[in-house]
Amino acid sequence: MKTLKMKTLKMKKGSQVILYDEDLLRRRNENRKYLLELTNDNLLLPYTAEAGLYKTSELPKNIHGGWESPLCELRGHFLGHWLSAAAMHYEATGDRMVKAKADDIIDALAECQEENGGQWAASIPMKYLYRIADGKPVWAPQYTIHKTFMGLLDMYELAGNEKALEIAVKMAEWFYEWSGKYTREHFQRILDVETGGMLEIWAVLYRITGKQMFRELMDRYYREGLFDGLLAGRDVLTNMHANTTIPEILGVAACYEATGDEKYFDIVKAYWKQGVTDRGCYATGGQTCGEIWSPNQNLAVRLGDKNQEHCTVYNMMRLADFLFRHTGEAEYADYWEKNLYNGIMAQAYWEGSFTHGNKSEYPEEGLLTYFLPLRAGGRKAWSSRTQDFFCCHGSLVQANAAHNKGIFYENGDQLYICQYFVSDYIGEDISVKLRIDKLNGSKHLASDSVGSQTINQICSAYPNNPRKLVCELFVEGKSDKEKDILIRIPEWAQSFTLTVNGQEEPVKYSPGTFVKLTRVWSNEVIRFEVGKKITVNRLPGAENMVAFMDGPVVLAGLCDEERTLYLEDGEPEDLLVADNEREWGNWMNTYKTVHQDRGIRFIPLNQVGYERYAVYFPVEKKKS
């Protein structure tokens, strides 16, 4: 399978996306708060201790625990994630406070590297690498070191820190010397101990520097059993650890972008086919339980309390981004959307809404849930801020660092509109303001808001939830050349209409594709409406088990055990009706069951905090 001969979809240099969506901004701001509240001393402790720079008999105040404990073999993995998140946040916002904190950390890592002899700048000892080479158990040392490398390279590429690149190159020299000590056969066994995204590091360094040393490292880190197995069509994923292989495939993707070798692209496509297309997905977009790939089209046997690890969500979204940029195919943007709403937004920075005297026995916020339970009666397990530091703490801060990614892509004379969040795209030859018309007729959004109460026709025109997404694109062209604007018709669309400057455009309604508008743009307004309704997603391996979807959003039934729903006639989606559909000026996407002995209330999965819930429900015909 060959990549399309097209320019890579990406943001043009100098272009900018400004985000205005309230919920995504809240998450980004909460993420910034978390990045800043963690002290440099505690973030750096594994590094300064390893370099002999931390000299005291006292434990640091608020010392980090969990996987960042000084006794854990993964200690220091989080700092690399932190640096990547800081770089992403700075690129998106220009936040100088975050950058200054990150720059100070880079200076400290340079000092550690010097104390370690000029190459080693990791948080764990060199001997860990020699131990895995000797077949002795160590918990994923290359996984840990990869995070540091990636943070350094992100700080260089996204935040312009030259010293970060210097540190990375010097530490890479150590790996070149170390990996050269072993035969290819021996090193293949070393690669079986989770390497994280080390292949990606060598590919990025090769792209940046062009040094042959990194091309050789790319070849040494080519994992033959996985990559050649994928090319041969063998099932190399079922029951394997998902988040071991996803970073390796992201490394293959980076190799393709560094070299243009089509073999790398073929491996990525084969991985996606085997991991997603052939396997099937849960309604949320995930495919795993206990971090393990589920059997092909038999996900029903894996509903548990450890579905959908946050890391796999984030890394598979990165892979979807790569594939979209190189193919322009809408399925990858659809996948991104589903995982954003039902993974990234469902598993982190939850915020309760207890007002007007209402109280909860549980906290009113949640930082991160490592897994997303999908078994009936499951409950999210929220982690602490400083005493867990699972791998998913790292993907947490990266996934929420910017949130301006994935909305707009450019490809020469084409601009793709992929996601629907209030935002601005400011490009060299075109700018677009994306706004959403909620069709609510009111700015009065809460009892303490100051929204006006102007009498208008919208309120009476839509007495009930209009059940459609309405977007307006205010386009400003800056050149006299034609440009294509491509708008995604999502896979969940029930209808699609579009106007330009009030005039209806004839478009082919085909969910899961793009509609293209071509012209010399000056000052136009594009308005499109996407119809939606409650739909069901059937569980692969158990067709009588269904999840309910509101557009791309999974709905969770609030119940503490599996409940069978009985259908008199019609379709399963008819079992849900609107419940509390409006508060002030807000259309609420909350529902309840009908025609059942006991009702169940449904809310978006990403709004569930500490309640027990079910995602999938068996549906049976009611006996007469």
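The values are calculated or read from the model by the stated rules, or taken from the named source; none is laboratory data. Only a predicted model underlies this, so the values are computations on that prediction, with no experimental measurement involved. Cβ placement follows ideal geometry from the backbone for every residue including glycine, while neighbour counts extend to all protein chains displayed. Areas reflect the complete protein model, heavy atoms only, side chains present, ligands, DNA and RNA absent. Shrake-Rupley method; radii C 1.70, N 1.55, O 1.52, S 1.80 Å.
What to note about this one:
- A simple rule links phi to the HN-Hα coupling: the Karplus curve 6.51 cos²θ - 1.76 cosθ + 1.60 with θ = phi - 60°, which for region 486-492 gives 10, 10, 6, 8, x, 5, 8 Hz, with x for Gly and Pro.
- Charged-residue dipole, Cβ positions (Lys, Arg, Asp, Glu), region 269-360 about Cα centre, Debye nearest 20: 120 debye
- Sites matching chymotrypsin sites (Phe, Trp or Tyr not before Pro) across region 314-414 that sit in DSSP coil, with at most 16 neighbouring C-beta atoms within 10 Å: 354
- Rounded to the nearest 10 square angstrom, residue 192 shows an accessible area of 100 square angstrom against a 1.4 Å probe.
- For region 229-337, applying the loop criterion from DSSP together with a ceiling of 13 other beta carbons within 10 Å to the trypsin sites (Lys or Arg not before Pro) yields 234.
- The mean sequence separation of alpha-carbon pairs under 8 Å and at least six residues apart, normalised by the residue count of region 327-425, gives a relative contact order of 20 percent.
- Nearest 10 degrees, 0 to 90: helix 310-327 Cα axis against the chain principal axis: 80 degrees
- The apolar share of the surface of the chain, taken as the fraction of accessible area on carbon and sulfur atoms (1.4 Å probe, ligands and nucleic acids excluded), comes to 47 percent.
- The 3J(HN,Hα) values that the Karplus relation (6.51, -1.76, 1.60; θ = phi - 60°) gives for region 594-610 are, in residue order, 10, 6, 10, 4, 10, x, 10, 8, 10, 9, x, 4, 6, 9, 6, x, 10 Hz. Gly and Pro appear as x.
- The shape of region 259-314 comes out prolate: with a ≥ b ≥ c from the C-alpha gyration tensor, a/c is at least 1.5 and a/b beats b/c.
- For region 470-517, the dipole from Cβ point charges (+1 on Lys and Arg, -1 on Asp and Glu) about the Cα centre works out to 160 debye, to the nearest 20.
- Annotation: amide H of residue 415 within the under-5 Å range of 484, 485, 486, sequence separation 5 or more or interchain, hydrogens built in the peptide plane.
- Label-point separation, residue 297 to residue 18 (7 Å along Cα→Cβ), nm: 5.0 nm
- Solvent accessible area, Å² - residue 255, 1.4 Å probe, full protein context: 0 Å²
- Whole-number percent relative contact order across region 467-624, with pairs defined as alpha carbons under 8 Å at least 6 apart: 22 percent
- Extension gain from residue 111 to residue 543, taking 0.36 nm per residue of separation minus the Cα-Cα distance: 149.6 nm
- Cβ-based net charge around residue 590, under 11 Å, with every Lys or Arg adding one and every Asp or Glu removing one: -1
- Given (1) 30.4; (2) 37.3; (3) 46.3, the label whose value is mean projected area of the Cα convex hull in nm² derived from this model: (1)
- For the chain, with +1 on Lys and Arg beta carbons and -1 on Asp and Glu, the positive-most of 590, 183, 45 along the dipole: 590
- Listed residue (420, 541, 387) projecting farthest to the positive dipole end of the chain, Cβ model: 541
- Two-site FRET efficiency, residue 54 against residue 157, from Cβ-Cβ distance with R₀ of 30 Å, rounded to 0.05: 0.50
- Residue 580/residue 183 FRET efficiency (R0 41 Å; Cβ-Cβ; nearest 0.05): 0.05
- Shown here for region 45-95: trypsin sites (Lys or Arg not before Pro) in loop regions (DSSP other than H, G, I, E, B) with at most 13 other Cβ atoms within 10 Å, namely 55, 61.
- Measuring with a 1.4 angstrom probe and ignoring ligands and nucleic acids, residue 497 comes out at about 70 Å² accessible.
- The relative contact order of region 503-589, computed from alpha carbon pairs under 8 Å that lie at least 6 residues apart in sequence, is 16 percent.
- Cα centroid separation, region 487-541 to region 563-624 (Å): 27 Å
- Region 17-23 - phi-based ³J(HN,Hα) in whole Hz, Karplus 6.51/-1.76/1.60, Gly and Pro as x: 10, 10, 9, 10, 4, 5, 5
- Taken per residue, the accessible surface of the chain reaches 42 Å², heavy atoms only and a 1.4 Å probe.
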